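Quick notes on the structure that follows.
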Amino acid sequence: MLMLGADQVRTLDGAAVRADAVTFDPAFADPAQAVVTAVTQPVLLSFVPAQPNGRAMLVLGGGGYVQLMAGREGVQVARWLTALGYHAHVLLHRFPDAANGAVAALADALAAMRLLREDDSALGVVGLSSGGHLAACLAAAVPEEWRVSCDATTRPDVLVIGYAPISTNAAGRTIVADKPPLPPVEKQAMYDRLQPDAQLLQDPPPAFIVYSGNDPVVPVENARRLHAAWEQAGGAAECHIFADAPHGFALDTQGLPVSVWPQLCAAWLRQVGFL
């Protein structure tokens with residue numbers, strides 16, 4: 001899987017990795033560009049730093065909850081983090097659909113946090129695009145009817161959130177007038193029930209927030225909502241909005257000011273004592 005050793009790939013429940021656990025788009029052979037089109041068994045891809053700093057990061061890539069940018073927003077992010085000394089773990093989670101229900105992605109992220117806490121007492125989360133929405137949900141209240149539990153082990157110590165659709169996909173909170181529900185219905189149900197800015201728990205962990213001011217896919221209002229919610233909940237958040245950047249700028253958008261965000265984030269991680 002992505003040309004990783006067997007010791008770098010593990011399931012969340014300790015079971016053997018099934019042959020059909022993850023389906024990759026064959027058009028993207030380079031691991032740094034890999035795209036996942038289906039997940040039947042969630043797995044973690046682990047990357048070890050040459051010089052460990054004693055901390056770990058869970059990486060949540062985007063893809064609109066219908067696919068996963070496992071390369072650009074997973075493997076590439078993990079390589080950046082290991083260069084900084086972190087153990088990095090990329091989660092390939094299930095999608096909210098008829099087979100898995102609306103709770104699937106959140107349940108997998110919570111399970112990944114619990115598993116990683118067994119080895120890493122200091123654990124942060126980096127989430128981009130839909131992965132940023134999922135990351136923010138780890139600092140928010142969970143719908144009681146979903147019957148998934150969260151506690152101190154599932155709460156990140158720090159959060160890095162990039163160009164995430166925090167709540168503008170939720171019914172009644174859209175920016176685009178008369179925006180139709182997003183398919184499949186389980187995905188829309190998830191966005192309706194998981195609105196991190198409205199459900200943020202008190203005293204959230206430090207957060208680094210980075211967005212594009214002219215993002216055509218995820219309105220920058222998401223950044224403003226999230227930053228305001230963090231402050232109202234008594235947390236500290238650093239928010240960077242770059243005036244001109246594409247959606248999904250990740251780590252490989254060169255030639256624009258947004259390309260410096262990883263350096264700004266690393267400086268922030270040092271400032272908050274997590275690097």
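Show me the helices (runs of 4 or more DSSP H) found entirely inside the stretch 165-254 where at least 1 residues are touching a Lys or Arg at 6+ places or on another chain (Cβ under 7 Å) and surrounded by fewer than 18 Cβ atoms within 10 Å (Cβ to Cβ).
Details: elements: 185-193, 196-199, 221-232.
Those helices (runs of 4 or more DSSP H) do not exist here; none qualify.
Suppose we filter Ala198, Ala189, Ala223 for residues that are closer than 17 Å to Pro165 by Cα, small (Gly, Ala, Ser) and either at pLDDT below 95 or touching a strand residue (DSSP E or B) at 6+ places or on another chain (Cβ under 6 Å) (or both); which single one remains?
Working: Ala198 fails: either at pLDDT below 95 or touching a strand residue (DSSP E or B) at 6+ places or on another chain (Cβ under 6 Å) (or both); Ala189 fails: either at pLDDT below 95 or touching a strand residue (DSSP E or B) at 6+ places or on another chain (Cβ under 6 Å) (or both).
Just one listed residue meets the conditions, Ala223.
Considering only residues that are part of a loop (DSSP other than H, G, I, E, B) and more than 28 Å from Gly54 (Cβ to Cβ), which ones fall in the stretch 102-126?
Looking only at the stretch 102-126, we keep the residues that are part of a loop (DSSP other than H, G, I, E, B), and these are 102-103, 118-122.
Within the stretch 102-126, Ala102, Val103 meet the criteria.
Of the residues in the stretch 105-141, how many are surrounded by 21 or more Cβ atoms within 10 Å (Cβ to Cβ) and either polar (S, T, N, Q) or free of Cβ contacts under 8 Å to residues at least 40 places away in the same chain (or both)?
Within the stretch 105-141, residues that are surrounded by 21 or more Cβ atoms within 10 Å (Cβ to Cβ) and either polar (S, T, N, Q) or free of Cβ contacts under 8 Å to residues at least 40 places away in the same chain (or both) number 3.
In the stretch 264-275, which residue that is more than 11 Å from Val210 (Cα to Cα) and within 19 Å of the chain's Cα centre (by Cα) is surrounded by the fewest Cβ atoms within 10 Å (Cβ to Cβ)?
Let us first name the residues in the stretch 264-275 that are more than 11 Å from Val210 (Cα to Cα), namely 266-275.
From the residues that got through so far, the ones that are within 19 Å of the chain's Cα centre (by Cα) too are 266, 268-269, 274.
Values: Ala266: 16, Trp268: 19, Leu269: 22, Phe274: 19.
Restricting to residues being more than 11 Å from Val210 (Cα to Cα) and within 19 Å of the chain's Cα centre (by Cα), the top hit is Ala266.
Filter the stretch 14-23 for residues that are of a type in the set (Gly, Ala, Ser), touching a residue at least 12 places away in the same chain (Cβ under 8 Å) and exposed (fewer than 14 other Cβ atoms within 10 Å of the Cβ) and give the result. Spell out the reasoning first.
If we filter the stretch 14-23 for residues that are of a type in the set (Gly, Ala, Ser), which is where we start, we get 14-16, 19, 21.
Keeping just the survivors that are touching a residue at least 12 places away in the same chain (Cβ under 8 Å) gives 15, 21.
The answer is Ala15, and nothing else.
(1) modelled with pLDDT of 95 or more; (2) out of contact with any strand residue (DSSP E or B) (no Cβ under 7 Å at 6 or more places or on another chain); (3) not aliphatic (A, V, I, L, M): which one isn't true of Gly131, the others all being true?
Only one criterion in (1) modelled with pLDDT of 95 or more; (2) out of contact with any strand residue (DSSP E or B) (no Cβ under 7 Å at 6 or more places or on another chain); (3) not aliphatic (A, V, I, L, M) is unmet by Gly131, namely (2).
So which residues in the stretch 16-39 are of a type outside the set (A, V, I, L, M, F, W, C) and within 19 Å of the chain's Cα centre (by Cα)?
Initially, the stretch 16-39 is screened for residues of a type outside the set (A, V, I, L, M, F, W, C), giving 18, 20, 23, 25-26, 30-31, 33, 37.
Answer for the stretch 16-39, where residues must be of a type outside the set (A, V, I, L, M, F, W, C) and within 19 Å of the chain's Cα centre (by Cα): Pro31, Gln33, Thr37.
Within the set of pairs 6+ apart or on separate chains, which have a first residue in the stretch 172-183 that is of a type in the set (A, V, I, L, M, F, W, C), a second that is part of a loop (DSSP other than H, G, I, E, B), and C-beta atoms under 7 Å apart?
These pairs meet every condition: Ile175/Thr168; Ile175/Pro219; Leu182/Asn169.
The values are calculated or read from the model by the stated rules, or taken from the named source; none is laboratory data. This is a predicted model, so every value here is computed, not measured. Neighbour counts are summed over all protein chains in view; Cβ atoms, including those assigned to glycine, are modelled from backbone coordinates with ideal geometry.
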